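Scroll down for the structure; my scribbles are underneath it.
Nothing in this text is a laboratory measurement; each read-out follows from the coordinates by a stated rule. Because the structure is a prediction, the values reported are computed rather than measured. Virtual Cβ from ideal backbone geometry, glycine too; neighbours counted across all protein chains shown.
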Amino acid sequence: MVKRSRRKRALQRGLFALVALCTAFIIILFAMGPALVAKRFNPTVSRAFQPIAPASQALHQSLTIADLHADSLLWGRNLAQSASYGHVDIPRIIQGNVALQNFTVVTQVPTPLKLEGNTGSSDNIIKLAILQRWPIATWFSLKARALHQARQLEVVEQKASDQFRIIKTAADLELYLTQRQQNQQITAGLLGLEGAQAFEGKIENVDALYKAGFRIIGLAHFFDNEVGGSAHGVKRNGLTPLGEEVLQRMDDLHMVVDLAHASPQTIDDVLGKTQRPVLVSHSGVQGTCDNARNLSDRNLKKITQTGGLIGIGFWETAVCGQDVDALVRAIRYTSDLVGVEHVALGSDFDGAVQMPFDVSHMSRITDALRKANFSDTDIQKIMGLNVIDLLKQTLPEK
Ligand SMILES: [Zn+2]
């Protein structure tokens, strides 16, 4: 009898210790997990650089710089504060003298992720949603994930209200640029979507996401969706009948079409239907880096004939290199083929890729472009003015 109650007590103590251990593990997982994941997925090649030439630095400080693609809202970091990992936050954007950052929202990524032949049957983002304790609706709804991340950008705007604002109209942009002439310690962001699967097959969700602040819409991401085909999908089809409706509604609302990740057929279909300039927020070009993700010469010409812009990405599979020279090679190739007026930056910062540097070191690009004999006027256009011009033409007036 005594033996049995002693055993019972030992068992109870063991169980208690196990529950305490599991609770501690869960607390630590939720407290430190998001930062560990963000750090692991978004490394940089280097954080220490020699200073650049004074003339390059002076030119860099005079530029209005825009970057067309960063997935920074995905990782649960407080972007109002500077971090020692990841690629983008408001203090580092200001340090890099970037005037405008497009914050792109990712809602579903297949696993395993391939360059070709992905289906939409798996979902890697749910792990991040649970780990970061997003609202439960985001576990089941891609639209809810988009709205949640849009809300996070508003939180950044509230926390860093004297440094950061969200641009939604051409009037916002004009006012902001005028104010920035007096004060370079302010910066701004746009809200973009990476993949129209977040519309969940419903045309009315175009308006819902417009209301939430989205202004740039990538029609496809890593798999074919209800709107159109992806370059990495199975069918790689063009625009669907719903896709045609979506495109029309986006035109009516003055939302900008982003053809990054779109299948060649979707690119053709969109260019055959819209009269407004489109952009490719982050891509490489097959002329310097030949793979299915990057744009052919034919598509570069077609996209830019409508006044479109190509945001050149900074990562390995975009430019076939991990340094600023590979990036400049792609910029040179694209400028020579379609004209410098159609070239922009589309980093893919915080896009689960290794970067040559974080946003605070954007002056490396200005320096490398100067060394590659681009004129100051060309550098101004590539680094941001082309993006500003396109947005002035395409965003809703007010
Ligand atoms: Zn992407």
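Can you give the net charge of the other residues whose Cβ lies under 11 Å from the Cβ of ALA231, counting K and R as +1 and D and E as -1?
0
Please work out the Cα convex hull volume for region 42-394 and give it in Å³ per residue.
117 Å³
Can you list the HN-Hα couplings for region 139-151, worked out from phi with the Karplus curve (6.51, -1.76, 1.60; θ = phi - 60°), rounded to whole Hz and with x for Gly and Pro?
With coefficients 6.51, -1.76 and 1.60, one gets 6, 10, 10, 6, 4, 4, 5, 5, 5, 4, 5, 4, 4 Hz.
Ranked highest first by the average count of other Cβ atoms within 10 Å around their residues, in what order do 202-210, 342-350 fall?
Values: 202-210: 16.6, 342-350: 27.9.
Highest-to-lowest ranking by the protection proxy: 342-350, 202-210.
Starting at the first residue of region 161-168, write each ³J(HN,Hα) from the Karplus equation 6.51 cos²θ - 1.76 cosθ + 1.60 with θ = phi - 60°, in whole Hz, x for Gly and Pro.
5, 8, 10, 9, 9, 9, 8, 10
So how far, in whole Å, is the C-alpha centre of region 256-296 from the one of region 118-178?
24 Å
Can you tell me the order of 278-286, 146-154, 236-244, 222-230 when each peptide is scored by its average per-residue count of other Cβ atoms within 10 angstrom, highest first? Numbers along the way, then the final one.
On the way: 278-286: 27.9, 146-154: 20.4, 236-244: 18.2, 222-230: 24.9.
The peptides rank, most packed first, as 278-286, 222-230, 146-154, 236-244.
Which distance in nm do the two modelled labels at THR169 and GLN305 give, with both placed 7 Å along the Cα-to-Cβ direction?
Taking the two extended label points, one gets 3.5 nm.
Please give me the summed charge of the neighbours of GLY96: other residues whose Cβ is under 11 Å from its Cβ, Lys and Arg +1, Asp and Glu -1.
Summing Lys/Arg as +1 and Asp/Glu as -1 gives -1.
Among THR366, THR178, THR64, which one moves the most in a GNM of the chain with springs linking Cα atoms closer than 10 Å?
THR178
Please report the spacing between the Cα centers of region 357-398 and region 220-237 in Å, no decimals.
Each part reduced to its Cα centre gives a spacing of 30 Å.
Cut-off 16 Å, label point 7 angstrom out along Cα-to-Cβ of ALA58: give me the residues of region 350-368 whose amide nitrogen falls inside.
Flagged as within label range: 367.
Quick one: of the DSSP bridges fully inside the chain, what percent are antiparallel, nearest 5?
For the chain, the DSSP antiparallel bridge percentage is about 5.
For ASN97, enumerate residues with amide H under 5 Å from its amide H, sequence gap 5+ or separate chain, H modeled in the peptide plane.
Counting only residues 5 or more places away or on other chains, the set is empty.
Just grab the label-to-label distance for GLU204 and LYS273, each label 7 Å out from Cα along the Cβ direction, in nm (one decimal).
Label-label distance for GLU204 and LYS273, simple model: 2.1 nm.
Could you derive backbone 3J(HN,Hα) for region 283-295 from the dihedral phi with the Karplus parameters 6.51, -1.76 and 1.60 (θ = phi - 60°), listing whole Hz in sequence and x where the residue is Gly or Pro?
7, x, 10, 5, x, 10, 7, 8, 8, 5, 6, 9, 8
Relative contact order of the chain, please, whole-number percent, based on alpha carbon pairs below 8 angstrom and at least 6 residues apart. Don't jump to the answer; show the numbers that get you there.
Working: 823 pairs, mean separation 81.3, N = 398.
Dividing the mean separation by the residue count of the chain yields 20 percent.
Translational diffusion coefficient of region 251-321 at 4 °C, 1.567 mPa s, Stokes-Einstein with Kirkwood Rh over Cα pairs, in µm²/s as a whole number.
It diffuses with D of about 105 µm²/s by this estimate.
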